[in-house]
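Rule-based calculations on the coordinates, nothing more; no lab input. What you are looking at is a predicted structure, and each value in this text was computed from that prediction instead of being measured. Positions of Cβ are backbone-derived with ideal geometry, glycine not excepted, and every protein chain shown enters the neighbour counts.
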Amino acid sequence: ISRGLLFFDGPDALGVVVRVMIFRGVVAMALAMVAALPASAQNINGFLREDGEFDVALTFTGESYNQFWVGDTKVSDPGLGEVNTDSWSLWLAYGINKDITVWANIPYVDTEGEGLAGFSESDWQDFVAMGEFRLAGQPHGQGWGVLIGGVGFSTPMSNYEANAPVDVGDGVSAALVRMVYQFQRGPFYFAGQVGLDVRGGDAPNNYPFY
């Protein structure tokens, strides 16, 4: 039995081919789910769910830094040292119909400074929920362009300390408005996004642009 550049012979050949095909299918599904995830917990993209489709994903990100900006000057602090942050997020999405998707993100953040002061904090961060809806979509040559709008909110899930030397979030609730244009041709796509975060308390509003 031959398939592409793989050649098999013998009683187990068919089973090997089936396993290869299943593996390829699993990889394709995983890549499709990763592509559908927003790049940030408060952002959207142009991938909407089908009617009744439900997705669940668990994501992990890690980052570290040992310098930060004070005004226009980059500095380091021995008391703070290198700061390591690990974030776990449970992401859920449901397609109400082919034009409307609702999703939520539940993050847990662990951050720690390796400096002399031993700063650290671990807690649930900010719950984010948003609805996305298709405003327009049309073909462009051999590709497809879509305009997606989104509205939602974020709010702290715990009483974590904000504005500390190391913290898990900024500790404010916000109303979120997003709009993204995405062009896709085959497996490739690019997207541009604008938005508005109307933040509570004394926190200034934010205008994300990606």
Checklist entry - Mind ordering 75-83, 165-173, 62-70 by average Cβ neighbours within 10 Å, highest first? => result 165-173, 75-83, 62-70
Next on the checklist: Below 8 Å between Cα atoms, with a sequence gap of 6+, how large is the relative contact order for segment 48-181 in percent?
Outcome noted: 20
Next on the checklist: Residues of segment 124-145 with the amide nitrogen closer than 17 Å to a label point 7 Å from the Cα of TYR210, along Cα-to-Cβ, please.
Outcome noted: 126-133
Checklist entry - What is the sum of charges around ASN97, taking Lys and Arg as +1, Asp and Glu as -1, for the other residues whose C-beta is under 15 Å from the C-beta of ASN97? => result -2
Checklist entry - Which FRET efficiency, nearest 0.05, do ASP72 and THR155 yield, Cβ-Cβ r, R0 41 Å? => result 0.80
